[in-house]
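Have a look at the structure below before the remarks.
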Amino acid sequence: MYAIWFRLPPVLQPLNEFWWLVYDWSGFQISACVLARSCSENKFLSNGNRAKHRVKLLRPVPSNSRHSAAAEEGEKETTKDNIQVETNQQAFKNQVQQPLALFVGKRPEGVPLTMHQQVNPQGHHPSQDYELKDTNPQLGERWPSRGGAYGGRGWVGGGERFKTYDLVEQMFYLYVRVVKAKDLPLSSITGSCDPYAEVKLGNYKGRTKHFEKKMNPEWNQVFAFSKDRVQSSVLEVFVKDKEMVGRDDYIGRVVFDLNEVPTRVPPDSPLAPQWYKMEERHGGGKVKGEIMVAVWMGTQADEAFPDSWHADAAFVQGEGVSSIRSKVYISPKLWYLRVNVIEAQDVVPNDKSRMPEVFVKAQVGNQVLKTKICPTPTMNPLWNEDLVFVAAEPFEEQLVLTVEDRVHPSKDDVLGMISLPLHIFEKRLDHRPVHSSWFNLERFGFGVLEADRRKEFKFSSRMHIRACLEGGYHVLDESTMYISDQRPTTQQLWKQSVGLLEVGILGAQGLLPMKMKDGRGSTDAYVVAKYGQKWVRTRTILNAFGPKWNEQYTWEVYDPCTVITLGVFDNCHLGVFEKKPGASTTRDSRIGKVRIRLSTLEANRIYTHSYPLLVLHPSGVKKMGELQLAIRFTSLSLAHMIYIYGHPLLPKMHYLHPFTVNQVENLRYQAMNIVAVRLSRAEPPLRKEVVEYMLDVDSHMWSMRRSKANFFRVMSLISVVISMSRWLGDVCHWKNPVTSVLVHILFLILVWYPELILPTLFLYMFVIGLWNYRFRPRHPPHMDTKLSWAEGVHPDELDEEFDTFPSSRPNDAVRMRYDRLRSVAGRIQSVVGDLATQGERFESLLSWRDPRATSLFIVFCFCAAVVLYVTPFKVAALVTGLHMLRHPRFRSKLPSVPSNFFKRLPARTDGLL
């Protein structure tokens, strides 16, 4: 196996073996990829048929010019020869045995070489399409103070700018509010009137619901027509009589000239509707009846906008009408329910010839937890175990406690049960103890099948529990890496907000078709944004690959170190097509997701960027389009912001009585299910697949791609230490005499004046921080395909990532993936084992596991203590530093004595099977 080699300074030489294994692991990652590809293409390779692959890897180039020239020639030869790599069948049975041949390709200046970096012969980098782009939208601050109307009648009530919508582009709509009608005539045929109103503007028609046998109907419905699509200068409002058979009867109409329509913008009061007398179809004269209508030109900031009937969605029917409107949702208030099962008394088994082996099963909704079996078979068992559940207000479920007897490993007898409503439990705000209570158990089945035998029992079993609703915790329903809210459940413990987050969802560009409609691709996109307990959903723009929403929302911020998540989805619940019997439930398709951490935003600055919507499909990473956002984070108090940075992320109960890792993961899963169920019951529903995607439901699943990404994230951090050690090695070996002399001078100054060490260190970090200010990021972070290892991932690894749990793939594929996982785990095992070995060798210095080594070490420690006691610290530091920085001609090529001594120390590996 190929590894990058470097020489550590004597102090760090005991870690040589660890670094070797780390880099051996990085090379193995590529081997595993080749392994996977061979296995996926050829199943299990035969002895006579071997797959050939090419792999690229970074190789360090010596600093010597002679070696550099030789390396360049080697690069050219290697590039020409295109060395091929062979993998054999034995690699699948054990671990990788064949070393990989490697070659180095030339790179352009300024582009760092990374593993798996592929060369594009055209010189085009596909990752450029995945970058963040600056936009220059015409936001609300640049809205004109006047204009927008057809006839120039100006603003109703003044010309002030509307400040609430200053992060979106202005969109004009013609609003028509049809309120009611009166004194409508009766039909000459039916002798009654079933009226409805129809609004017509060019080719667009909208209609209200009809009332049966009502002369004075009240509709109070608003119609909105986009100004950009208006192709007529006349608006017509008809009143018609609904006929069961034949054509609807015409009653009358009102005509409006769009040039005379006024323009209104909030916060001005709504335009008052007026009564209009209706006329005949061709304007021949007035007819009986009047209609109350208000017509005005407004923007998306109008109060009537969210609930309006939009002309763009004229073909949506049934329940789909409500699913296309913008809405705001609030997550249910979540609590942790802690149940301390203490003991039970007078538990009577069904088989009275034996003592019961009792445990308690507790259930809240779909959550089921069990205590351990009481270690001593007895009729008065004692457990004293904590069981924690997630509950949501309003409390609809009950706590059901069941006492069961383990009669057989496959059989449990129910001895008694009790059902308790959750609202009876105390709500605790801190860690103060809660009072316990005794509850009588009802015998299972007793009172249903044996109602007449109640009087035979003079006493019943009972249970001692202590239960409370924890209000001092924050109930985690999101991934801890992308948390958007850290406040405790109880509002009494909330701190003051530190700022406001305003997000303008402008639009999207380049969306891909998500479904087929009328024989062609179509996308009905909407955006969901989640921050804290507030979810927002924009309206659905139908059949558009470049939708424009221009909706603005605001959140209170209680901690800047939080993340807002925005997801784009395709609406598949428009009610346009009827479902076929037996068809599967339609799910809204994922288009993409954007995450923005608030701490990366400068205060009071407007960020206008176009974010790429990247989704990982079984075929690879795909750009689904771009989402255009305008974001502003406003800080209310700088002092409060600084105060927040010095306090814990989560409420103090998480640190006083923390949960285990398994508890946190299980409780998060339950909380996520509760939130998804509650939001799916809203109207219109925020569907389960949307909530799960926003909350990262599958973040804990195994993925070879994520494992590589995390491994190389660690390696990028370790590379800093490696670079420093290599630089120190170059200084000690006088590769650059000028640098070595300057380091000697700095070392002598710090030794002579040791009080300057810490000030120098902090001053150095201060200068580096100022220097890096000019290179600070100018835009919020976004999803990086290279960091995620999404560009070069193998199809088989993607197929494994998208596989169900448990697996639904054929046995051969599962066996191959299991063997590959064993190989990867073997390398991880080697690295972890070597790290443990180094630590155990440090422990063995004083453990007398090796009597001679411990004797030598304690004698050395005694001598060193005496010498350092009589020798000034400056002299000791000076001698030690000069010895480490000595010239190469005074060095030996053999390992140092401390390194040899350390490597001979015993570890606990001898005790491993």
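The table that follows gives values for the structure above.
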quantity	calculated
Residues that are part of a helix (DSSP H, G or I) and closer than 12 Å to Ser844 by Cα, drawn from the stretch 902-913	Phe902, Lys903, Arg908
From Phe747, Phe766, residue being open to solvent by 70 Å² or more (accessible area, probe 1.4 Å) and either at pLDDT 80 or above or among the charged types (D, E, K, R) (or both)	Phe766
Leading residue by the ranking (farthest from Val348 (Cα to Cα)) among those in the stretch 402-433 that are modelled with pLDDT of 90 or more and of a type in the set (A, V, I, L, M)	Leu429
Within the stretch 367-386, tally of residues that are outside any loop (DSSP other than H, G, I, E, B), in contact with a Phe, Trp or Tyr (Cβ under 8 Å, 6 or more places away or on another chain) and of a type in the set (D, E, K, R)	1
Residues that are open to solvent by 80 Å² or more (accessible area, probe 1.4 Å), under 16 Å from Leu334 (Cα atoms) and among the charged types (D, E, K, R), drawn from the stretch 348-399	Glu396
Identity of the residue in the stretch 479-493, open to solvent by less than 70 Å² (accessible area, probe 1.4 Å) and touching a strand residue (DSSP E or B) at 6+ places or on another chain (Cβ under 8 Å), that ends up nearest to Thr135 (Cα to Cα)	Ser484
Residue within the stretch 636-657 that is under 30 Å from Gln138 (Cβ atoms) and touching a residue at least 60 places away in the same chain (Cβ under 8 Å) present	yes
Which listed residue, of Arg815, Arg908, is surrounded by fewer than 16 Cβ atoms within 10 Å (Cβ to Cβ), free of Cβ contacts under 8 Å to residues at least 24 places away in the same chain and of a type in the set (Lys, Arg)	Arg815
Residues of the stretch 455-494 classified as within 29 Å of Pro356 (Cα to Cα), in contact with a Lys or Arg (Cβ under 9 Å, 6 or more places away or on another chain) and either among the charged types (D, E, K, R) or at pLDDT below 90 (or both), total	4
Pick from the stretch 182-198, criterion open to solvent by less than 70 Å² (accessible area, probe 1.4 Å) and of a type in the set (Gly, Ala, Ser), ranking: farthest from Pro547 (Cα to Cα)	Gly191
Among (1) more than 30 Å from Leu493 (Cα to Cα); (2) at pLDDT below 90; (3) open to solvent by 80 Å² or more (accessible area, probe 1.4 Å) - the single one Gly447 does not satisfy	(3)
Where Asp351 falls short, out of the listed (1) out of contact with any His (no Cβ under 7 Å at 6 or more places or on another chain); (2) closer than 26 Å to Gln533 by Cα	(2)
For Asp799: the one exception among (1) in a helix (DSSP H, G or I); (2) at pLDDT 80 or above; (3) not hydroxyl-bearing (Ser, Thr, Tyr)	(2)
Number of positions in the stretch 858-901 that are part of a helix (DSSP H, G or I), open to solvent by 50 Å² or more (accessible area, probe 1.4 Å) and over 18 Å from Val741 (Cα atoms)	19
Number of the exception - Leu787 against (1) hydrophobic (A, V, I, L, M, F, W, C); (2) surrounded by fewer than 15 Cβ atoms within 10 Å (Cβ to Cβ); (3) outside any loop (DSSP other than H, G, I, E, B)	(3)
Tabulated pairs, the stretch 413-431, first under 19 Å from Val390 (Cα atoms), second among the small types (Gly, Ala, Ser) and not in a loop (DSSP other than H, G, I, E, B), C-beta under 9 angstrom, 6+ apart or interchain	Leu420/Ala467; Leu422/Ala391; Leu422/Ala467; Ile424/Ala467; Phe425/Ala467; Glu426/Ala467
Top-ranked residue of the stretch 862-913 - restricted to ones that are within 29 Å of Arg852 (Cα to Cα) and among the aromatic types (Phe, Trp, Tyr), ranked as modelled with the lowest pLDDT	Tyr869
Residue within the stretch 494-501 that is open to solvent by 40 Å² or more (accessible area, probe 1.4 Å) and of a type in the set (S, T, N, Q) present	yes
Leu686, sole failed condition from (1) touching a helix residue (DSSP H, G or I) at 6+ places or on another chain (Cβ under 7 Å); (2) in a helix (DSSP H, G or I); (3) crowded, with 18+ Cβ neighbours inside 10 Å	(2)
Count of the stretch 400-425 residues which are open to solvent by less than 40 Å² (accessible area, probe 1.4 Å) and part of a helix (DSSP H, G or I)	1
Breaking point among (1) at pLDDT below 85; (2) outside any helix (DSSP H, G or I); (3) not hydrophobic (A, V, I, L, M, F, W, C), for Tyr818	(2)
Flag for Val368 being aliphatic (A, V, I, L, M) and free of Cβ contacts under 8 Å to residues at least 60 places away in the same chain	yes
Residue in the stretch 507-540 that is nearest to Ser610 (Cα to Cα), counting only those that are among the hydrophobic types (A, V, I, L, M, F, W, C) and open to solvent by less than 20 Å² (accessible area, probe 1.4 Å)	Ala508
Extreme residue, modelled with the lowest pLDDT, among residues of the stretch 828-852 that are of a type in the set (Ser, Thr, Tyr) and assigned to a helix (DSSP H, G or I)	Ser830
Those strands (runs of 3 or more DSSP E) lying entirely in the stretch 527-646 with at least 3 residues among the polar types (S, T, N, Q)	548-557, 620-635
Cβ-Cβ under 8 Å pairs, at least 6 apart or on other chains, the stretch 132-145 side surrounded by 14 or more Cβ atoms within 10 Å (Cβ to Cβ) and among the hydrophobic types (A, V, I, L, M, F, W, C), far side part of a loop (DSSP other than H, G, I, E, B) and at pLDDT below 65	Trp143/Arg161; Trp143/Phe162
Which listed residue, of Leu695, Leu636, is surrounded by 14 or more Cβ atoms within 10 Å (Cβ to Cβ), within 24 Å of the chain's Cα centre (by Cα), closer than 26 Å to Trp535 by Cα and of a type outside the set (Val, Ile, Thr)	Leu695
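Yes or no, residue by residue, for (1) over 23 Å from Val316 (Cα atoms); (2) in contact with a Pro (Cβ under 7 Å, 6 or more places away or on another chain); (3) open to solvent by 30 Å² or more (accessible area, probe 1.4 Å); (4) assigned to a strand (DSSP E or B):
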{"site": "Glu169", "(1), (2), (3), (4)": "yes, yes, yes, no"}
{"site": "Arg177", "(1), (2), (3), (4)": "no, yes, yes, yes"}
{"site": "Lys180", "(1), (2), (3), (4)": "yes, yes, yes, yes"}
{"site": "Lys200", "(1), (2), (3), (4)": "no, no, yes, yes"}
{"site": "His210", "(1), (2), (3), (4)": "no, yes, yes, no"}
{"site": "Asp228", "(1), (2), (3), (4)": "no, no, yes, no"}
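The values are calculated or read from the model by the stated rules, or taken from the named source; none is laboratory data. From a predicted model like this one, the values you see are computed outputs, not experimental measurements. Cβ: placed from backbone, ideal geometry, glycine included. Neighbour counts: every protein chain shown. When the accessible area is computed, the model is the full protein with side chains, heavy atoms only, and any ligands, DNA or RNA have been set aside. Shrake-Rupley method; radii C 1.70, N 1.55, O 1.52, S 1.80 Å.
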